[in-house]
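Let me begin by presenting the structure, written as structure tokens, before commenting on it.
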Amino acid sequence: MARATLQRRLLPPLNAVRAFEAAARRGSFKDAAAELGVTHGAISRQIQLLEEWLGAPALFRRLNRGVTLTPQGGALLAEFGPALDRISAAARRHRERRGGPVATLLRVNALATFSLRWLLPRLTLFREAHPGIEVQLTTANEPVDALAEEYDVVIRGGPDTFYGFVSRPLLHERRLPVCSPALMKRYPLATVTGLERHTLLHVSTVPKLWRDWLTVAGHAGLQPAAALTLDHFYLSIQAAVDGLGVAMGPTALVSDDLAAGRLVTPFPEVSLPARTYFAYLPQRDLINPASIVFCEFLAKLGERSGAA
């Protein structure tokens with residue numbers, strides 16, 4: 001019996017287990033990435049690692065929107081989920097007995113592109129400044145009052161009014177053309193007419209951005225060399241970074257790329273207004289104090305980054 005207790009446990013990689021459980025629970029690799037503070041690609045790699053370690057067939061089926069578990073994945077979740085719950089509960093009990101601080105859970109829901117392009121890169125700073133607050137981040141694009149679950153903080157555009165919520169402004173932004181330095185070197189943009197030699201990158205959810213900007217810039221009839229339409233801002237921004245064309249960049253979403261030199265703004269003096277990002281907090285008898293700390297921290301970061 002003593003020998004048996006010394007045997008090494010055969011355990012899968014624990015980061016892969018966490019990634020699998022989060023993706024299975026959320027039904028989305030993207031939402032799992034936001035919750036764990038990693039990239040979508042990191043979740044995919046961890047799932048692949050777990051599948052290879054198990055020598056099992058695929059644990060997920062990819063759908064147009066999200067993922068669903070295969071029978072093998074469902075069986076695994078039925079074992080892994082309760083096991084992680086027990087580990088979490090045991091750790092909390094131990095910390096409480098030792099008098100150690102128990103982290104305050106802060107449930108945050110934010111727009112997907114905002115989370116990927118602005119919020120996620122700054123969560124590490126928040127964790128370092130406030131280790132006693134555990135942020136659980138999920139993403140969605142539904143209106144504040146259409147969310148099925150309850151959150152401590154919901155980040156959306158504004159200002160809007162929703163019954164049962166109070167709002168706090170986080171950061172302002174404008175929209176203006178951005179492109180890679182290499183593309184602008186190849187086809188200089190000394191004037192707006194230089195866009196005639198470029199591909200303009202459009203976003204299908206806001207198809208009139210370029211039309212409106214060209215009108216404000218005084219070149220409503222300009223015809224570009226080509227146009228490319230993508231589904232989301234994060235795709236058009238990445239396409240601009242990769243040199244595929246010139247995108248309309250929301251300043252909050254491209255601030256890190258501008259600071260790092262991955263993007264440049266050929267016409268910084270001409271921009272379009274955009275909605276302000278607001279935090280919407282459920283109006284309870286007592287608002288979670290961690291919500292106020294989180295919102296104030298983000299607002300200060302927005303001011304320092306020049307996005308506000």
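The values are calculated or read from the model by the stated rules, or taken from the named source; none is laboratory data. For clarity, every value in this text was computed on a predicted model and none was experimentally measured. Here Cβ is always computed from backbone atoms with ideal geometry, including for glycine, and neighbour counts include all displayed protein chains. Calculation scope for accessible area: heavy atoms of the full protein, side chains included, ligands and nucleic acids excluded. Shrake-Rupley method; radii C 1.70, N 1.55, O 1.52, S 1.80 Å.
Scan the stretch 236-253 for residues that are open to solvent by 30 Å² or more (accessible area, probe 1.4 Å), in a helix (DSSP H, G or I) and in contact (Cβ under 8 Å) with a residue 12 or more places away in the chain and report the count.
Adding up the residues that qualify gives 2.
If only one of 112, 146 is touching a residue at least 12 places away in the same chain (Cβ under 8 Å), among the small types (Gly, Ala, Ser) and either open to solvent by 50 Å² or more (accessible area, probe 1.4 Å) or under 30 Å from residue 233 (Cβ atoms) (or both), which one is it?
Residue meeting the stated conditions: 112.
What's the total number of residues in the stretch 10-27 that are of a type outside the set (Asp, Glu) and touching a residue at least 60 places away in the same chain (Cβ under 8 Å)?
The number of residues fulfilling the criteria is 4.
I'd like to know if the stretch 261-270 contains one or more residues that are farther than 21 Å from residue 214 by Cβ, surrounded by fewer than 21 Cβ atoms within 10 Å (Cβ to Cβ), at pLDDT below 95 and not acidic (Asp, Glu). Break it down stepwise before answering.
Pass one, the stretch 261-270, residues farther than 21 Å from residue 214 by Cβ: 261-262.
Add one more test, that the residue is surrounded by fewer than 21 Cβ atoms within 10 Å (Cβ to Cβ), and what stays is 261-262.
Cutting the leftovers down to at pLDDT below 95 gives us none.
No: zero hits.
Take the conditions acidic (Asp, Glu) and part of a loop (DSSP other than H, G, I, E, B) and apply them to residue 142. Does it pass?
Answer is yes for this residue.
Does residue 192 qualify as being surrounded by fewer than 21 Cβ atoms within 10 Å (Cβ to Cβ), more than 17 Å from residue 111 (Cα to Cα), hydrophobic (A, V, I, L, M, F, W, C) and touching a residue at least 40 places away in the same chain (Cβ under 8 Å)?
Values: surrounded by fewer than 21 Cβ atoms within 10 Å (Cβ to Cβ): yes; more than 17 Å from residue 111 (Cα to Cα): yes; hydrophobic (A, V, I, L, M, F, W, C): yes; touching a residue at least 40 places away in the same chain (Cβ under 8 Å): yes.
Yes, satisfied.
What is the number of the single condition among (1) modelled with pLDDT under 85; (2) surrounded by 19 or more Cβ atoms within 10 Å (Cβ to Cβ) that residue 24 does not meet?
For residue 24, the failing item is (1).
Does residue 135 fit the bill of being buried (at least 18 other Cβ atoms within 10 Å of the Cβ), outside any helix (DSSP H, G or I) and over 20 Å from the mean Cα position of the chain (by Cα)?
no
Are there any pairs with C-beta distances below 9 angstrom linking a residue in the stretch 34-49 that is acidic (Asp, Glu) to a residue that is open to solvent by less than 30 Å² (accessible area, probe 1.4 Å) and assigned to a helix (DSSP H, G or I), with the two at least 6 apart or on different chains, and if so which?
Pairs that qualify, where the first residue is acidic (Asp, Glu) and the partner is open to solvent by less than 30 Å² (accessible area, probe 1.4 Å) and assigned to a helix (DSSP H, G or I), are 35/22.
All but one of (1) within 19 Å of the chain's Cα centre (by Cα); (2) among the β-branched types (Val, Ile, Thr); (3) surrounded by 12 or more Cβ atoms within 10 Å (Cβ to Cβ) hold for residue 124, so report the exception by its number.
(3)
Name the residue, out of 148, 75, 91, that is small (Gly, Ala, Ser) and assigned to a loop (DSSP other than H, G, I, E, B).
The conditions single out 148.
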